[in-house]
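What follows is a short report on a single structure.
The values are calculated or read from the model by the stated rules, or taken from the named source; none is laboratory data. Bear in mind that the values here come from a model prediction, so they are computed numbers and not experimental data. For neighbour counting, all protein chains shown are included, and Cβ atoms are generated from backbone atoms with ideal geometry for every residue, glycine included. Surface areas here come from the heavy atoms of the whole protein model, side chains and all, with no ligands, DNA or RNA. Shrake-Rupley method; radii C 1.70, N 1.55, O 1.52, S 1.80 Å.
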Amino acid sequence: MARIPPIFATQFIVLSLLSSFALILVQGEDDHDFVRAMDRDLLGLKKEKLSHFKLYWHDILSGKNPSSIGVVKSPVNSSTLFGFVNMIDNRLTEKPELSSKLLGRAEGFYASASQQDTITVLGRNPVFNKVREMPVIGGSGLFRFARGYVEARTHTFNLSTRNAIVEYNAYVLHY
């Protein structure tokens, strides 16, 4: 008897639950007690704004105090580094120089882990493309209900140290 690896079993359960939820929403009756239209004022949502953020992401992998370290290596020999995970605490600055004004930090594993005001970006980032576009899929705090997109451009990349400075332009609709 073939044994299903635990990771596939977990993915199947999650997919089944999501599919069941989607099926309920599609096939359900119109008299739902669990969903209703809301007045945006009840959530303190005012007029929607469009904000543009330009900042530089400093991904430092070398030296005695790196801001980015590999925690999981790619399990396969892949040019895209599929499966690779880096833990980060990267500076976000106003200009490309590391000494320029600190605007914030990117914390997590190439995704935000902050519980404060955040903008969540999720998408494929092919780092060797000149310009990469990724969607803003949400946010928290000041950026609750955020949506939009981010353009990333590599400003500098050192092949021997793998240190990078990336220019990010984020266009975000939020309340």
The relative contact order of the stretch 45-174, taking Cα pairs under 8 Å that sit 6 or more residues apart, comes to a percentage of 27 percent
Could you work out the local net charge near Leu103, counting Lys and Arg as +1, Asp and Glu as -1, over the other residues with Cβ closer than 11 Å to its Cβ?
+4
Could you work out what % of the accessible surface of the stretch 45-174 is carbon and sulfur, using a 1.4 angstrom probe and leaving DNA, RNA and ligands out of the count?
57 percent
So with the 1.4 Å probe, I'd like the accessible area per residue for the stretch 45-174, rounded to whole Å².
66 Å²
Find which of Gly63, Leu98, Ser160 sits farthest along the positive direction of the dipole of the stretch 45-174, computed with +1 on the beta-carbon of Lys and Arg, -1 on that of Asp and Glu, about the Cα centre.
Leu98
Total charge dipole magnitude, the stretch 45-174, about the Cα centre, Cβ charges on Lys, Arg, Asp, Glu only, Debye to nearest 20:
160 debye
Taking a cut-off of 21 Å between Cα atoms, list the lysines near Lys130, but don't count ones fewer than 8 places away on the same chain.
Lys54, Lys95
Ser62 to Asp117: FRET efficiency via 1/(1 + (r/R0)^6), r the Cβ-Cβ distance, R0 41 Å, to the nearest 0.05?
0.85
Whole-Hz ³J(HN,Hα) from phi, Karplus 6.51 cos²θ - 1.76 cosθ + 1.60, for the stretch 159-165, glycine and proline x:
5, 6, 8, 6, 6, 9, 10
Under a crude label model (7 Å from the Cα following the beta-carbon direction), how far is Met87 from Lys130 in nanometres?
3.8 nm
Specify the inter-centroid distance of the stretch 34-61 and the stretch 83-102, based on alpha-carbon positions, in whole Å.
22 Å
Qualifying lysines (Cα of each under 23 Å from Cα of Lys64; at least 8 residues distant if same chain):
Lys73, Lys101
